[in-house]
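What follows is a short report on a single structure.
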Amino acid sequence: MTHERQFYIDGAWVDPVEPRFADVEDPATEAPFTQVAMGSARDVDRAVAAAKEAFAAYARTPLEERLALLQRILEVYRTRMDDMARVLPREMGATTAVARGQVEGGAAHIQKTIETARAFPFERAHGLGKITYQPVGACALIVPWNNPVQQVIAKAMPALAAGCTVVCKPSELAPVAVSILTEVIHEAGAPKGVFNLLNGEGATVGAAMAAHPDVDMVSITGSVAAGAAVAKAAADTVKRVHQELGGKGPNIILPGADLEAAVRGGLMGCFFMGGQTCGAPTRMLVPEGAQVEAVRLAREIAAGVKVGAPDAEGVLYGPAISKAQYEKVQRYIRIGIEEGAEIVVGGEGRPEGLAHGYYCRPTVFANVTPKMRIAQEEIFGPVLSIIAYRDVEEAIRIANDSVYGLVGYVQAREVAEGERVARRLRCGYVSVNYPPIDITMPHGGFKHSGNGRQWGEHGLAEYMELAAIVLPPN
Ligand code: NAD
């Protein structure tokens, strides 16, 4: 049995103050398969009180004790990876392979957090004394549904390593795997109140967490609308706000790059998880003279993309998370057509042979111009826009002409040439020639993509205050 009908507060599974539940739907079948407790501001009060109470002692534990807790969490986590990997396809439509990857990625994040914290300079001599890092306090963590376990880990593990306590709220659409993760943290022996879990809607539970006077920091990963709402709710209590928000990833294919590899990598990156990743390369910028060939390649490669049930053999992606998300993708495909972009493959409706489930067709638009809505707005679906540019300066201008600035991509024949362009992109994380993800790098966005960074030493520092200890001169 999993615990999504309960909350985890002060070291125990408890019922919500008011019994209110919502169905959790399997997006592949459109049928509910469990229910999640929908909390209220009163549940937030209980969880925050527990986190505040626990902070005083936990903040003062030696680093080695905290890292020993993370090590035990990692050990227990490894014994529950299969359980989490089984649940993720049901609650958020991830394929079996993606679910496995997300869960294994979670273990890697815990391991890296331990290593990062062990090497972190918590204190150094400076001027008349010392610069020290102190834990921020009780932290509210609000996460999305598209990578729920890893998103909680990427926030909660650095928070716990820093000496903070946590109240966490996963997405109401995908709460089950995170309740298993919470069982892991309990079994690993986290002290009472150090980690607390709530469920519920963003506008009620999330908003109450952000506004709570005893919460010292709120960290949200989600849409720009939710991130902005959190910042507003947090403003009166002047707490630290960390936001990891949406993206509209530009992917500049430079003249002379291996076009086949560049188009293939871009297309697969855009369609990965049905486009439901914040870092998806959704705007493919190609030299004017290469557009015809890029479109031909995109058509050919997209024809090989298989969409289907999360556990079916060889599928690249499964259903969109929800009916609302499916309808949003359909709406944007219609907008693209109305704006005059050319459909290369895909379009409205479900892929052939899939009558049920929120499946979207892999869709490529060509002749997209930079100001079209499909080139500016985050769709969070399998929709690629191919945009032609005249010269590299124009490509950089188009890439940066966005309210977003999360992940950017550059494809180049020479890495040095790619790096020169990468430095000019207004994005927090820029990849040249599709390297693997480096989870020790800072991850976060410019502009509407957020504030602050996750992962690595910068992600750990987010959960700390700087305190100067100034001593009399000798
Ligand atoms: P969402 O904004 O709908 O929800 C995210 C979380 O915020 C959920 O837990 C939700 O309940 C909560 N929430 C919603 N409104 C709130 C409010 N007013 N106050 C407090 N909490 C609120 O996003 P989603 O659909 O779950 O996830 C998709 C979005 O997340 C996309 O925009 C995607 O780009 C973004 N995302 C960003 C990153 C990143 O690292 N920058 C990673 C993954 C997803």
TODO: Give me the pairs, please: first residue somewhere in segment 80-92 and assigned by TED's automatic domain parsing to the domain that holds G308, second residue anywhere and surrounded by fewer than 22 Cβ atoms within 10 Å (Cβ to Cβ), beta-carbon distance under 8 Å, and either six or more positions apart or on two chains.
DONE: none
Task: The one condition in (1) closer than 21 Å to G105 by Cα; (2) assigned by TED's automatic domain parsing to the domain that holds A257; (3) surrounded by 15 or more Cβ atoms within 10 Å (Cβ to Cβ) that A422 fails to fulfil - done: (1)
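Restricting to strands (runs of 3 or more DSSP E) lying wholly in segment 322-408: which have 1 or more residues that are surrounded by fewer than 19 Cβ atoms within 10 Å (Cβ to Cβ)? Give the steps one after another, and end with the answer.
Details: elements: 342-345, 363-366, 383-389.
By residue number, 342-345.
Let's see how each residue does on (1) at pLDDT below 95; (2) under 29 Å from the mean Cα position of the chain (by Cα); (3) under 17 Å from G101 (Cα atoms):
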residue: A261; (1), (2), (3): no, yes, no
residue: G266; (1), (2), (3): no, yes, no
residue: F271; (1), (2), (3): no, yes, yes
residue: C278; (1), (2), (3): no, yes, yes
residue: T282; (1), (2), (3): no, yes, no
residue: L285; (1), (2), (3): no, yes, no
residue: V292; (1), (2), (3): no, no, no
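Find the residue count for segment 209-223, including only residues that are of a type in the set (V, I, T), within 6 Å of the ligand (Cβ to nearest atom) and farther than 18 Å from I379 by Cα. Steps first, please.
The initial filter retains those residues of segment 209-223 that are of a type in the set (V, I, T), namely 215, 218, 220-221.
Filter once more, so that each one left must be within 6 Å of the ligand (Cβ to nearest atom): 220-221.
Keeping just the survivors that are farther than 18 Å from I379 by Cα gives 220.
The qualifying residues number 1.
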Open item on the list: For segment 258-298, give me each residue that is farther than 15 Å from V364 by Cα, within 16 Å of the ligand (Cβ to nearest atom), open to solvent by 20 Å² or more (accessible area, probe 1.4 Å) and small (G, A, S).
Closed with: none
Open item on the list: Based on this model, can you work out whether F7 counts as of a type outside the set (A, V, I, L, M) and open to solvent by 60 Å² or more (accessible area, probe 1.4 Å)?
Closed with: no
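Filter segment 224-255 down to the residues that are part of a strand (DSSP E or B), within 13 Å of the ligand (Cβ to nearest atom) and among the aliphatic types (A, V, I, L, M) and list them by number. Working first, answer last.
First pass over segment 224-255, keeping only residues part of a strand (DSSP E or B): 240-244, 250-253.
From what's left, within 13 Å of the ligand (Cβ to nearest atom): 241-244.
Once the filter is applied, which keeps residues that are part of a strand (DSSP E or B), within 13 Å of the ligand (Cβ to nearest atom) and among the aliphatic types (A, V, I, L, M), segment 224-255 yields only V241.
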- [ ] Examine segment 426-447 for a residue that is within 29 Å of A229 (Cα to Cα), in a helix (DSSP H, G or I) and within 16 Å of the ligand (Cβ to nearest atom), and state whether such a residue exists.
- [x] yes
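Suppose the filter is within 16 Å of the ligand (Cβ to nearest atom) and among the hydrophobic types (A, V, I, L, M, F, W, C); does V415 pass it?
Numbers: within 16 Å of the ligand (Cβ to nearest atom): no; among the hydrophobic types (A, V, I, L, M, F, W, C): yes.
Here the answer is no, as V415 does not meet what is asked.
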TODO: Please work out which one of (1) more than 17 Å from A59 (Cβ to Cβ); (2) within 11 Å of the ligand (Cβ to nearest atom); (3) in contact with a strand residue (DSSP E or B) (Cβ under 6 Å, 6 or more places away or on another chain) is the condition A140 fails and give its number.
DONE: (1)
TODO: Please work out which residue is most open to solvent (accessible area, probe 1.4 Å), limiting yourself to segment 198-208 and to residues that are near the ligand (Cβ under 7 Å from one of its atoms) and under 19 Å from V241 (Cβ atoms).
DONE: A203
Open item on the list: Name the single residue that is farthest from V24 (Cα to Cα) among those in segment 172-197 being of a type in the set (D, E) and more than 8 Å from the ligand (Cβ to nearest atom).
Closed with: E187
- [ ] Scan (1) touching a strand residue (DSSP E or B) at 6+ places or on another chain (Cβ under 8 Å); (2) open to solvent by less than 20 Å² (accessible area, probe 1.4 Å); (3) more than 10 Å from the ligand (Cβ to nearest atom); (4) farther than 25 Å from A257 by Cβ for the single condition E465 breaks and write down its number.
- [x] (2)
Open item on the list: If I filter segment 118-133 for residues that are within 16 Å of R72 (Cα to Cα), open to solvent by 10 Å² or more (accessible area, probe 1.4 Å), among the charged types (D, E, K, R) and out of contact with any Gly (no Cβ under 9 Å at 6 or more places or on another chain), do I get at least one hit?
Closed with: yes
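The values are calculated or read from the model by the stated rules, or taken from the named source; none is laboratory data. Since this is a predicted model, take the numbers as computed values, not measurements. Virtual Cβ from ideal backbone geometry, glycine too; neighbours counted across all protein chains shown. The protein model used for the area step is the full one, side chains on, heavy atoms only, and it has no ligands, DNA or RNA in it. Shrake-Rupley method; radii C 1.70, N 1.55, O 1.52, S 1.80 Å.
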